[in-house]
1. Considering only DSSP beta bridges whose two residues both sit in the chain, what percent are antiparallel, to the nearest 5?
2. Could you give the angle, 0 to 90 degrees to the nearest 10, between helix 352-369's Cα long axis and the longest principal axis of the Cα atoms of the chain?
3. Rank the residues D212, D313 as a footprinting-exposure proxy: fewest other Cβ atoms within 10 Å of their Cβ go first.
4. For a quick check: sort R99, R371, R129 by the number of other beta carbons within 10 angstrom, fewest at the front.
5. First check a/c for region 352-465, with a ≥ b ≥ c the square roots of the eigenvalues of its C-alpha gyration tensor; if it is under 1.5, answer rounded, and if not, answer prolate when a/b is larger than b/c or oblate otherwise.
6. Per residue and in cubic angstrom, what volume does the convex hull of the Cα atoms of the chain have?
7. Could you check the simple spin-label distance between Y175 and A389, using points 7 Å along Cα→Cβ, in nm with one decimal?
8. Rounded to the nearest 0.05, what FRET efficiency is calculated for V422 and K197 with R0 set to 60 Å and r the Cβ-Cβ distance?
Amino acid sequence: MRVRNERLHMNKVIDLIIGILLCMNWCHAQQIPVPSTKQQKWHQAEMGAIFHYDLHVFDGLRYQQEKNRITPIADYNIFQPEHLDTDQWIQTAKLAGCRFAILTVTHETGFGLWQSEVNPYCLKALKWRNGKGDILHDFIASCRKFDLLPAIYVGIRWNSLLGIHNFQAVGDGRYAKNRQTWYKHYCERMVEELCSKYGDFFLIWFDGGADDPKGLGPDVEPIMDKYQPNCLFYHNVNRTDFRWGGTETGIMAYPCWSTFPVPCSHHKEVESLPDWLNVLKHGDKEGAYWLPAMADFPLRGANGRHEWFWEPDDENSLLPLSELMEIYEGSVGRNAVLVVGLTPDPSGLLPQADVERLTEWGKEIQRRWGRPLAAVKGNKKQLIIQCPAPQEVHAYRIREDLSRGERIRRYKLEAKVDGHWVKVADGESVGYQRLETIPTIRVKELRLTVTEAIASPVILDFSIF
C-alpha cells in the first residue's frame, strides 16, 4: 500500500510538472505576435496594382519629378482621356494575378480624380465630360465588377498649385503660417470626403506618409478610424499597418519576417537609425509587433527607366517576363505583398504592349505555381510527400497559419534518392508563403523538416511543383 501511495504521489508530481510545462508553452505561444484581421487580408491579397494618372501624362514630355513638384500645369484642360476605360485597367490587372487595385486620386500637382466638394482643382473644373467625370467612381465600379479590392493613394506631401513642398507651405511670416494651418484642415476635409463618399476601401496609402499630426501633417487617422474601420492605413509617424520593403525593385531581401521591433516603421526617430533600411528589408524575427512587408515596382522599369507615370517613347522600358517572374518569386515568394505600378496613357487606356505583357505574366504564374504535383499539411515538425510514381520537381511552397504567428525559424527540404535522404534546399522565414525553385530532381518522396521553431509549427501547405 505504501509503495502504491508513493507511486500515486509521484504520478501527481509528474502531472503537475507536465501541466506547468504546457502552461509555459501556452503562455509563450500567446506572446507570439499575430496579424490583425486587416493584416491577414493583406497577406491573402498577395499582389496588387497601383495606377498613377495625373495632368502631366498629357503634356507630351518626360516626367521630371523635381520640376513637377514646384511648377503648376499651365492648362489643366490638357486632361482629355477620350477613351478612358477603367474596366480595361482592372481586367488587365486581374489577368496578371492582382487581387486589389490602387488609384492615385491626387499626386504632386494637387489635381483630384474625383468629384470633390473640397478641392476645386479636380475633374469638376474640366471641359472633359462637361466637368462631370469621376474616375474614382468608375475605378471602384470596375473593381467591384472584376472582384478586386479597391484602394486609393492620396498625395498631400507636395502640391505644386498651392505651393506645398514636403508638407510645408512655402514662404515666411503670418501668411505662410495661416496657409499651413489651412492646408492641414484642407487635407483632413479631402480625406473625410474620400472616406465617406465612396464605400469601403481595402487600403489608403498616403504618398510619403501623412507626416506628424502634431507638426506639419494633417490628423487623418481618426477620420479613417471613423469612416473606414476595416481599411489598412499607410501611414503617418504614429501608425503603419504594413511596411515598405526598402526598395522599389519589387524584390525583397531574404529572410523577410513579418514582425518588427517597433509598432511604426516610419517614426522620425527610428528612420534616422543607421541600420533602419536593413530592418525595413528583413523585419525582425524577435520583433514584438506585426508589420508585414510590401514590395513595389513599376512595370516600365527596364533599360534604365523607372516610370510610375506614362511617358512618350517608353515602350522599350517594359520589364521582360523572365524578370517579372523573378520579382514575383522574390516578393510573393518571400512573405511579402507585391504592388506593380501601371501607367494608363493619354487616351485613357493601358497601352497594348503593357496589356500583353501583364497577360502573359499572369499565365506564367499560373503555369508555374497554379497546380502542385502533390501537397500535404500538418501541425508537426516533419511532413512527407509521397508520390505514386517518380516526378520531376523543380519548386516547392510552404505556408504557415499566420493566425498562430510566425513559428518556423529554420527548415530543410530533402529528397529520397537511392534510399537516402539528400538535402535539396533550406531556409529561414516562411510566414504567409515561401516559394522557391530548386534544381530539377526526379523523385517519389520529399521531406520537409522544421529544424528550429519557437512553438509547434502549424503548416497549412507544403506543396511541390
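1. Bridges in the chain that DSSP calls antiparallel: roughly 60 percent.
2. 10 degrees
3. D313, D212
4. Working: R99 18, R371 9, R129 13.
With the sparsest Cβ surroundings first, the list reads R371, R129, R99.
5. Values: a/c = 2.30, a/b = 1.29, b/c = 1.78.
Cα axes put region 352-465 in the oblate bin.
6. Numbers: hull volume 88.0 nm³, N = 465.
Per residue, the Cα convex hull of the chain comes to 189 Å³.
7. Output for this residue pair reads 8.3 nm.
8. Working: r = 60 Å, r/R0 = 1.00.
My answer for the efficiency is 0.50.
Bear in mind that the values in this text are calculations on the coordinates, not laboratory data. What you see is a predicted model, and the numbers here were worked out from it, not measured in a lab. As a convention, Cβ positions derive from the backbone with ideal geometry for all residues, glycine included, and neighbour counts pool all protein chains shown.
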